[in-house]
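Structure first, commentary second.
The values are calculated or read from the model by the stated rules, or taken from the named source; none is laboratory data. Everything numeric in this text was worked out from a predicted model, so none of it was measured. Don't worry about glycine lacking a Cβ; one is built from the backbone with ideal geometry, like all the others, and counts go over all protein chains shown. Just the protein is used for accessible areas: all its heavy atoms, side chains included, with ligands, DNA and RNA removed. Shrake-Rupley method; radii C 1.70, N 1.55, O 1.52, S 1.80 Å.
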Amino acid sequence: MLSKLSILNGLEACRVLFVARHRSDWVYAPYPSVFLLWWLSWVPRRIRPRVVSDAYVSLWDAAFRDRNAASEGSLVSRLVRRFESRSLRAAELVLVDTCANKAWFISDFGVEPERIRVVPLAIRIPEPTTDQQAGRSDPPSPLSVLFVGTLVPLHGIRIVADAVRRLAKSRANVTFHFIGDGQDRELLEALCAEMGGNVVTWDRTWKSTDEIYDSMRSAHVCLGVFGGGGKASRVLPFKVYMALAAGRAVVTQADWSLPDGVPPPPVIKVAADGASLAEALDGLSRDRSGLRSLSEQAEGYFQRHLGVASIATAWRSILDPGRPGGSGSSQS
């Protein structure tokens, strides 16, 4: 797989050099751009095109911290880190999604600060196929809580499971639905066996973005991440973007980062522990007017600060050197 990926990106690098023959030309390299950039890194900067690299997720960080593919000090970890560092430093501009990630790419990969731009994640908003008012109604039914993810440790499944048990013990009017599978699946398996289908349901099948978005609109509350420090504190997760766009109340950990100039989103922030999460969800189950208020604020916030207009403004500043924060400026 890796050899095939390397060969294909080597051929793509040749094509890029043939098509973009002038140093003034711009090339956008979508994620994962590091393979293409590694090949281009061997071409002298004075003759290679200016590449804008999508680097929202570090391959090294995802493999050796999120998924523990090997220890961080292992030979393969060090090689992958050097590979990614060389690749990213070959880009004219590196795009990341938060200010904390910008600082991390500078310190861990040696990317020059003036070569990094902080741009909100770009997401496509699907057309809903379920009742758009589900999260804004005031039904007598239980509060429905949705968690979507690949179940890596930074998601904090252990903390979510603790909150579920606490709420079940207190007989709170809350139900949970999980979508996804991954590294911490055994924690959900134990939770489902213990709680039963009346409180917890779990769908392990692969879902498209449209299906996930539809599930969000069918829930009252969407959960973010609860992994504490590290990467979990450097991001505003993609699923939080989606939940805000879907107009749903969001509960996530209080430690996060945002794009430049973006105000805090209208979400409930909690400590990364089960007791705090359970308390917040129990409160929402009792306060349906507060739930409606969060849902109503969410979509407007997304459109104003994270939507298409914000993305377009960021790209204009990148491609037009005359604009503040543009490619001719050291601002991000």
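Numbers for the structure displayed
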| item | result |
| --- | --- |
| Charge dipole (the chain, unit charges on Cβ, about Cα centre) - positive-most of Ser85, Ala309, Met216 | Ser85 |
| Protection-proxy order for peptides 37-45, 54-62, each taking the mean of Cβ atoms within 10 Å per residue, highest first | 54-62, 37-45 |
| Sequence of Ser24, Ser257 when ordered by accessible area, the most exposed leading, probe 1.4 angstrom | Ser24, Ser257 |
| Relative contact order (%) - criterion: Cα under 8 Å, at least six apart; region: segment 173-332 | 17 percent |
| Area of Leu294 that stays accessible when all protein chains are in place (1.4 Å probe, Å², to 10) | 30 Å² |
| Mean Cα-pair separation over length for the chain, i.e. relative contact order, pairs under 8 Å, 6 or more apart, % | 16 percent |
| Accessible area in the full protein assembly, largest first, 1.4 Å probe, for Glu84, Glu296 | Glu296, Glu84 |
| Rounded if a/c under 1.5, otherwise prolate or oblate - segment 200-288, Cα gyration tensor axes | rounded |
| Chain lengthening between Asp287 and Lys4 when straightened (0.36 nm per residue, less Cα-Cα) | 96.5 nm |
| Above-threshold pairs, the threshold being 22 Å between Cα atoms, out of Lys4/Lys207; Lys4/Lys231; Lys4/Lys102; Lys231/Lys269; Lys102/Lys239 | Lys4/Lys207; Lys4/Lys231; Lys4/Lys102 |
| Carbon and sulfur %, accessible surface of the chain computed with the full protein complex present, 1.4 Å | 56 percent |
| Solvent-accessible ranking of Thr205, Thr98, largest area first, probe 1.4 Å | Thr205, Thr98 |
| Probe 1.4 Å, protein heavy atoms only - accessible area per residue of segment 125-267 in square angstrom | 41 Å² |
